[in-house]
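The values are calculated or read from the model by the stated rules, or taken from the named source; none is laboratory data. These numbers were taken from a predicted model, which means no experiment stands behind them. Note that each Cβ is placed from the backbone with ideal geometry, even for glycine, and that neighbours are counted across all protein chains shown.
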Amino acid sequence: MIMWNRFILLGFVILALGCTSSLPVRESYVPYARILDMKPAKRLKLLKKRNYRKIYPTIINILEGPRPVLDLYRQDMTHEAVIQFFVDLIGSAEIAMPLLYYADIFSVPALPLISLVWVESRFDKYAINVNQIGSVDRGLFQLNSRTFSSLDERDFFDAQTNVLHGVAYLRYCLKQARNIEEAIAMYNAGIYRVKQSSIPESTQRHVWRIMNYNKKLTKKFQEFILSQYPVSE
């Protein structure tokens with residue numbers, strides 16, 4: 001009898017998981033962008049009234065979570081949609097794919113990461129910047145020739161190699177920092193200078209540009225995902 005009860009319970013669990021992972025697409029829906037633009041009180045009222053969370057518990061919760069891109073990238077159902085968004089955004093699968101892959105491997109928030117790359121190089125793997133101190137920043141992540149002295153010139157301009165080292169270094173900065181903004185400041189100005197509260201104005205402006213782009217990119221990503229998996233009326 002106990003064994004049968006276990007089988008019945010297992011059946012209910014499988015059924016429940018199947019229901020929560022199913023996100024039916026319906027013809028009539030409200031774009032999530034309209035909800036994002038509402039004031040918090042009005043938005044909450046609408047969510048309760050239309051019971052959005054009950055209809056789309058997984059998508060809504062993930063989009064409002066701390067790492068929506070990685071969480072959706074790791075789901076079989078939404079994996080390809082995430083890839084499509086960033087390939088279209090960047091205009092290159094050669095660049096988009098390793099960015100998502102290494103963000104996943106190192107568990108680095110993808111939206112701030114990709115925002116950093118946009119500000120650093122505009123997704124140009126051949127970008128170069130010669131610094132006044134004599135070092136050179138190269139490639140997607142503008143890796144510095146002194147910091148990454150073990151790399152040769154070909155490595156800097158190889159998308160996968162550049163992304164691997166850039167993501168790994170940002171991950172290292174995240175471990176030293178209190179938040180993503182501070183980590184980005186460390187990436188730009190150096191860990192020691194940030195810990196000593198000696199952040200140059202140029203770095204502060206740099207961080208602002210990245211986080212400003214991150215805000216716009218977050219909204220754009222949410223709108224895209226909800227256009228693929230629309231919330232029903």
Note to self: Quick check on segment 65-81: of everything there that is assigned to a helix (DSSP H, G or I) and in contact (Cβ under 8 Å) with a residue 60 or more places away in the chain, which residue is surrounded by the fewest Cβ atoms within 10 Å (Cβ to Cβ)?
What the structure shows: 81
Margin query: Among the listed residues 215, 219, identify the single one that is surrounded by fewer than 17 Cβ atoms within 10 Å (Cβ to Cβ) and touching a Leu at 6+ places or on another chain (Cβ under 8 Å).
Written below: 219
Next item on the list: Select from segment 138-153 the residues that are basic (Lys, Arg) and surrounded by 20 or more Cβ atoms within 10 Å (Cβ to Cβ) and list them in ascending order.
Entry: 138
Check: Any residue in segment 119-137 that is closer than 16 Å to residue 220 by Cβ, within 19 Å of the chain's Cα centre (by Cα) and in contact (Cβ under 8 Å) with a residue 60 or more places away in the chain?
Finding: yes
Notebook entry, point to check: Of all residues in segment 222-233 being surrounded by 19 or more Cβ atoms within 10 Å (Cβ to Cβ) and over 16 Å from residue 115 (Cβ atoms), which is modelled with the highest pLDDT?
Noted result: 225
Next item on the list: State whether one or more residues within segment 193-204 are surrounded by fewer than 19 Cβ atoms within 10 Å (Cβ to Cβ), in contact with a Pro (Cβ under 9 Å, 6 or more places away or on another chain) and not β-branched (Val, Ile, Thr).
Entry: yes
Next item on the list: Just give me the residues in segment 103-159 being of a type in the set (Ser, Thr, Tyr) and part of a helix (DSSP H, G or I), in sequence order.
Entry: 115, 121
Notebook entry, point to check: For segment 170-233, list the helices (runs of 4 or more DSSP H) that sit wholly inside it and hold at least 3 residues that are within 17 Å of residue 143 (Cα to Cα) and over 18 Å from the mean Cα position of the chain (by Cα); which are they?
Noted result: 180-189
Margin query: So, residue 211, is that one more than 29 Å from residue 84 (Cα to Cα), in contact (Cβ under 8 Å) with a residue 12 or more places away in the chain and not small (Gly, Ala, Ser) or not?
Written below: no
